[in-house]
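**Q** One structure coming up, written as structure tokens, with questions to follow.
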Amino acid sequence: MSGTSAPPEALARAGVVAPRPPPPRAPKPLWRSLFGDALSTVISVLGFAGLATLLPRLLSWAVVHGVWTGGAEACREGGACWVFLRAKARLILFGIYPPDQQWRPMAAILIILGLTLWSLAPSRWNFRTLAAWVLGAGLALLLMSGGVLGLEPEPTSAWGGLPITLLLTLLSLAFGFPMAVALALGRRSEMPVVRCLSVGTIELVRGLPLVTILFVASILLPIMLPDGVDIDNLARALAALTVFSAAYIAEVLRGGLQGVPIGQVEAARALGMSWWGTTRRVVLPQAIGKVIPALTNTVVVIVKNTSLVLVVGLFDLLSAGRAALTDPQWPEPYVETYLFVALIYFAICFSISRYTFWLERRPALGGAR
Amino acid sequence: MTDTPAAVRFDGVNKWYGDYHALRDVTLSVAPGERIVICGPSGSGKSTLIRCVNGLELHQAGRLCVNGVELTTDERSIDRVRREVGMVFQSFNLFPHKTVLENCTLAPITVRRTPAAEAEAVAMHFLEKVRIPEQAAKYPGQLSGGQQQRVAIARALCMNPQIMLFDEPTSALDMEMVKEVLDIMIALAGEGMTMLCVTHEMGFARRAADRILFMDAGQILEDAAPEAFFHRPQHARTRAFLGQISH
């Protein structure tokens, strides 16, 4: 037609076009991200202005005027009283456990930490590891309570701080998870009694605040039990945390169970596998793999929920920190103490979060699909 | 007729889904070593028929014997039958969280209590037979559909079944992968495995089947050797069906 050549309707290649490298990807410069358009510029300016206002004051309080050495007197004026943490670290970490015996909760923490690190790799999830955990948890409890091997007996009312937080978290998950599996499976059962019991338990526990459940376990349980039968206050709080964890984890697992196709069950049953074998080897691993993010969420909430045991008079990490603050010699360094406690909680929860993030990418838990 | 007991015997079997009558007085006898192909329009009861054989569906009237064991609602009878009957599904149903090798060894180790090393040797033998031993360490999601279905066949064979059920094994596959699965099935048929196969692959039926059944509305309308089935179908519905699927 005219001078411009229209594109051909089809371009039939005579041969195969050789592969070429893709065009280079130009990274977006930082200043373009921050000030590339009007909205970004406004947000950036506001952000920097906020930082410029807050940061100097924070640094002045925490670093420039921070008190790192000396005693209670040094903290009367000036900024952050970090020396308080140095003086009270043992009280915050171990509660009112007798100071000359504090190697025992320390050893208990190390046992739990060591076992946790050992069990991170899924290849170690076997009966030997489970047995190690049962032994380790038993040993940790034995160390804490004493009364054997020449150890002085220490009642649970003297326990406190980080061991309480770790033990409550660990044991409420250890007992709560199997219970959650039973509840989640029971909720999908074809047997009406099993299903109603599961639904009833889950809905009842989910419908109550944890504080209520803790009070019920702590106060009502001793009233309900026959005379002469007494359960330790720590065990009562643990029971409350366990049923609470179980109900929430059960609902998370139910979502995962619904996501496993019926064909998986049929394939396993057609191979002659039993209902339990199918559930344990085929359905549950896939269901758990599907809900790792939600499960992580629940576990992190459970870690922090253990701090509510202070309402029934137990000294977990947070309440031990508050107890340290009551020392009249010191000028009540609330912020410093809470920052210290927050840092420990954050370290625990962030580790759990990173670990499960790594876990969920593994193919054996569904990551390769 | 014969002295040897039938591998599978349906005797007036009926099955309902709610009010829907899915199998209507089905009577069928399959001799050991026989290869049966079942075809028919969708909803005709073909899948229900073979799913009854290993108790994935339970029949509600009539008698059904597999390998001399009568299938009842008793879990033990179902478990006994399932141990001798392998099944391959349309959608493969491999376990996605287990490697190819683990897919093949899971049931032998947990159901038959085979030692792990032996189960792995058997699994490798059958993976070689379906020509994908090099994929043993991979996960199902990393394989093509045809490869997955071949693993599914190997997985079923690892339990050393007397009878193999195939429920439309090639229907979910791309054209170029159908052949690699059918080749394995033809090889299996050549070894004398008792097979019940729901498929629309008439080339396979012609080559490998001893008998072809045509089902419609929950009934077996035609039961004939391939030659007679394709050239002298007795029933008008069969002729219409064959007319539709032959391109």
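**Q** Go through B:Gly218, B:Gly146 for me and flag whichever is under 30 Å from B:Cys65 (Cβ atoms), touching a Lys or Arg at 6+ places or on another chain (Cβ under 9 Å) and not hydrophobic (A, V, I, L, M, F, W, C). Walk me through it before giving the result.
**A** Working: B:Gly146 fails: under 30 Å from B:Cys65 (Cβ atoms).
None of the others qualify; the one that does is B:Gly218.
**Q** Among the numbered criteria (1) over 23 Å from the mean Cα position of the chain (by Cα); (2) part of a loop (DSSP other than H, G, I, E, B), which single criterion is violated by A:Arg128?
**A** Only one criterion in (1) over 23 Å from the mean Cα position of the chain (by Cα); (2) part of a loop (DSSP other than H, G, I, E, B) is unmet by A:Arg128, namely (2).
**Q** Give the residues of the range B:208-225 that are within 15 Å of the chain's Cα centre (by Cα) and open to solvent by 50 Å² or more (accessible area, probe 1.4 Å), sorted by residue number.
**A** Within the range B:208-225, the subset within 15 Å of the chain's Cα centre (by Cα) is B:208-213.
Within the range B:208-225, B:Asp210 is the sole residue that qualifies.
**Q** Take the conditions in a helix (DSSP H, G or I), closer than 30 Å to B:Ser91 by Cβ and within 14 Å of chain B (Cβ to nearest Cβ) and apply them to A:Arg254. Does it pass?
**A** Values: in a helix (DSSP H, G or I): yes; closer than 30 Å to B:Ser91 by Cβ: yes; within 14 Å of chain B (Cβ to nearest Cβ): no.
No: the conditions fail for A:Arg254.
**Q** Quick one: count up the residues across the range B:1-42 that are open to solvent by less than 80 Å² (accessible area, probe 1.4 Å) and under 24 Å from B:Phe241 (Cβ atoms).
**A** Total satisfying the criteria: 20.
**Q** Counting just the residues of the range B:150-207 that are open to solvent by less than 10 Å² (accessible area, probe 1.4 Å) and small (Gly, Ala, Ser), which one comes out farthest from B:Thr99 (Cα to Cα)?
**A** Here the answer is B:Ala205.
**Q** If I go through the range B:124-157 residue by residue, how many of them are within 13 Å of another protein chain (Cβ to nearest Cβ) and over 23 Å from B:Ala172 (Cα atoms)?
**A** Total meeting the criteria: 1.
**Q** Can you find a residue that is without any contact (Cβ under 8 Å) to a residue 12 or more places away in the chain, out of contact with any Cys (no Cβ under 9 Å at 6 or more places or on another chain), surrounded by fewer than 20 Cβ atoms within 10 Å (Cβ to Cβ) and under 19 Å from A:Gly161 (Cα atoms) anywhere in the range A:300-317? Even if it seems obvious, please write down each step before you answer.
**A** Step one: of the range A:300-317, the residues without any contact (Cβ under 8 Å) to a residue 12 or more places away in the chain are none.
No, the range A:300-317 contains no residue that is without any contact (Cβ under 8 Å) to a residue 12 or more places away in the chain, out of contact with any Cys (no Cβ under 9 Å at 6 or more places or on another chain), surrounded by fewer than 20 Cβ atoms within 10 Å (Cβ to Cβ) and under 19 Å from A:Gly161 (Cα atoms).
Per-residue answers, yes or no, for (1) without any contact (Cβ under 8 Å) to a residue 60 or more places away in the chain; (2) in a loop (DSSP other than H, G, I, E, B):
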| site | (1), (2) |
| --- | --- |
| A:Ser123 | yes, no |
| A:Ala132 | yes, no |
| A:Leu135 | yes, no |
| A:Gly138 | yes, no |
| A:Leu142 | yes, no |
| A:Leu149 | yes, yes |
| A:Ile164 | no, no |
| A:Thr169 | no, no |
| A:Ala174 | yes, no |
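**Q** May I pose another question? Taking only the range A:83-108 into account, find how many residues are out of contact with any Ser or Thr (no Cβ under 8 Å at 6 or more places or on another chain), crowded, with 19+ Cβ neighbours inside 10 Å and more than 12 Å from A:Glu154 (Cβ to Cβ).
**A** The qualifying residues number 2.
**Q** Let me ask another. Restricting to the range B:133-146, and then to whatever is out of contact with any Leu (no Cβ under 8 Å at 6 or more places or on another chain) and touching a residue at least 24 places away in the same chain (Cβ under 8 Å), can you tell me which residue is surrounded by the most Cβ atoms within 10 Å (Cβ to Cβ)?
**A** Step one: list which residues in the range B:133-146 are out of contact with any Leu (no Cβ under 8 Å at 6 or more places or on another chain), which gives B:134, B:138-139, B:141-144.
Imposing the further condition that a residue be touching a residue at least 24 places away in the same chain (Cβ under 8 Å) reduces the set to B:138-139, B:141, B:143-144.
Values: B:Lys138: 17, B:Tyr139: 22, B:Gly141: 14, B:Leu143: 18, B:Ser144: 15.
Here the answer is B:Tyr139.
**Q** Would you check if A:Leu284 is open to solvent by 10 Å² or more (accessible area, probe 1.4 Å) and within 14 Å of chain B (Cβ to nearest Cβ)? Give the derivation first.
**A** Details: open to solvent by 10 Å² or more (accessible area, probe 1.4 Å): yes; within 14 Å of chain B (Cβ to nearest Cβ): yes.
It is true that A:Leu284 is open to solvent by 10 Å² or more (accessible area, probe 1.4 Å) and within 14 Å of chain B (Cβ to nearest Cβ).
**Q** Condition first: surrounded by 11 or more Cβ atoms within 10 Å (Cβ to Cβ) and part of a loop (DSSP other than H, G, I, E, B). Can you find one or more residues in the range A:51-61 that meet it?
**A** Taking every residue of the range A:51-61 in turn, none turns out to be surrounded by 11 or more Cβ atoms within 10 Å (Cβ to Cβ) and part of a loop (DSSP other than H, G, I, E, B).
**Q** Still on this structure: Among the residues of the range B:108-147, count how many are hydroxyl-bearing (Ser, Thr, Tyr) and within 21 Å of B:Ala187 (Cβ to Cβ).
**A** Kept after step one, since they are hydroxyl-bearing (Ser, Thr, Tyr), are these residues of the range B:108-147: B:110, B:114, B:139, B:144.
Cutting the leftovers down to within 21 Å of B:Ala187 (Cβ to Cβ) gives us B:144.
Qualifying residue count, the range B:108-147: 1.
**Q** For the range A:195-216, which positions are without any contact (Cβ under 8 Å) to a residue 40 or more places away in the chain and among the small types (Gly, Ala, Ser)?
**A** A:Gly200, A:Gly207
**Q** Still on this structure, I have one more. Could you tell me which residue of the range B:68-117 is most open to solvent (accessible area, probe 1.4 Å), considering only residues that are part of a loop (DSSP other than H, G, I, E, B), more than 9 Å from chain A (Cβ to nearest Cβ) and among the charged types (D, E, K, R)?
**A** B:Arg113
The values are calculated or read from the model by the stated rules, or taken from the named source; none is laboratory data. Just so you know, these numbers come straight off a predicted model, no measurement behind them. For neighbour counting, all protein chains shown are included, and Cβ atoms are generated from backbone atoms with ideal geometry for every residue, glycine included. Surface accessibility is based on the protein's heavy atoms, side chains included, excluding ligands, DNA and RNA. Shrake-Rupley method; radii C 1.70, N 1.55, O 1.52, S 1.80 Å.
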